[in-house]
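Structure first, then comments.
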Number of protein chains: 2
Amino acid sequence: MIEFGKLFETLPEDISEEIFSELVRGDNIKIERIVSKGHSSPASGWYDQAEHEWVAVLKGAAKIAFENGEEIHLTAGSYLTISAHTKHKVTWTTPDMETIWLAVHYK
Amino acid sequence: MIEFGKLFETLPEDISEEIFSELVRGDNIKIERIVSKGHSSPASGWYDQAEHEWVAVLKGAAKIAFENGEEIHLTAGSYLTISAHTKHKVTWTTPDMETIWLAVHYK
């Protein structure tokens, strides 16, 4: 079975909310595309995920902060591996253009 | 634990052979970056993989052929899901620039 798609096309016109598109769901994995434009995580609280995440910024720019105070500036091509239960949040995405993320969640 | 890297930098100078860089290895998953420049699979034989593969072209262009005769032209942003044991091969990558692939192998 072959499934085909385009990461940089079929962008939604209305991105007043972040858009999550599931590309693959398997027993041990989920791959999704996320489109942001000036969005960040809610001001309070952290993402605290039960699974590991590998995430890349393919277009645009973003900042991710961690509970230990570290903040990482991601530009096109930057990737991060975030182990399960490493608390993090998105503090900024560029408001000038879409930021396209690829996220792989895995056990 | 946080690991950080750049997909579009740290490209090898010598790509007379395709370059495979492992970014993540887990129990059920392997994520790798592949850099090609005019490479294709050996003329005879097919990739016949025991695991599923999600593969995207992030820069450059490539063609993948399948045993059923189908051939798909991938440009930047194109992705494919190839189920385990779906025989395929890379028939072309652009000779003018590097083609950067992201491949996720999963069970």
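Given the criteria in a strand (DSSP E or B), more than 10 Å from every other protein chain (Cβ to nearest Cβ) and not hydrophobic (A, V, I, L, M, F, W, C), does A:His73 qualify?
So A:His73 passes the test.
Quick check: anything in segment A:2-17 part of a strand (DSSP E or B), at the interface with chain B (Cβ under 10 Å from one of its Cβ atoms) and loosely packed, with under 14 Cβ neighbours inside 10 Å?
yes
Collect the residues in segment B:48-70 that are free of Cβ contacts under 8 Å to residues at least 24 places away in the same chain and within 10 Å of chain A (Cβ to nearest Cβ), keeping them in residue-number order.
Scanning segment B:48-70 gives B:Phe66, B:Asn68, B:Glu70.
What number of residues in segment A:84-93 are buried (at least 17 other Cβ atoms within 10 Å of the Cβ) and either in contact (Cβ under 8 Å) with a residue 60 or more places away in the chain or not hydrophobic (A, V, I, L, M, F, W, C) (or both)?
Counting residues in segment A:84-93 that are buried (at least 17 other Cβ atoms within 10 Å of the Cβ) and either in contact (Cβ under 8 Å) with a residue 60 or more places away in the chain or not hydrophobic (A, V, I, L, M, F, W, C) (or both) gives 4.
Picking from A:His39, A:His105, which residue would you name as being touching a residue at least 40 places away in the same chain (Cβ under 8 Å), of a type outside the set (Gly, Ala, Ser), assigned to a loop (DSSP other than H, G, I, E, B) and surrounded by 13 or more Cβ atoms within 10 Å (Cβ to Cβ)?
None of the others qualify; the one that does is A:His39.
Does segment A:67-79 contain any residue that is in contact with a Gly (Cβ under 9 Å, 6 or more places away or on another chain), of a type in the set (Gly, Ala, Ser), open to solvent by 20 Å² or more (accessible area, probe 1.4 Å) and over 21 Å from A:Ser44 (Cβ atoms)?
yes
The values are calculated or read from the model by the stated rules, or taken from the named source; none is laboratory data. Since the structure is predicted, the reported quantities are computational estimates derived from the model, not experimental observations. Glycine also receives a Cβ, built like all others from the backbone with ideal geometry; neighbour counts cover every protein chain displayed. What goes into the accessible areas is simple: the full protein's heavy atoms, side chains included, and nothing from ligands, DNA or RNA. Shrake-Rupley method; radii C 1.70, N 1.55, O 1.52, S 1.80 Å.
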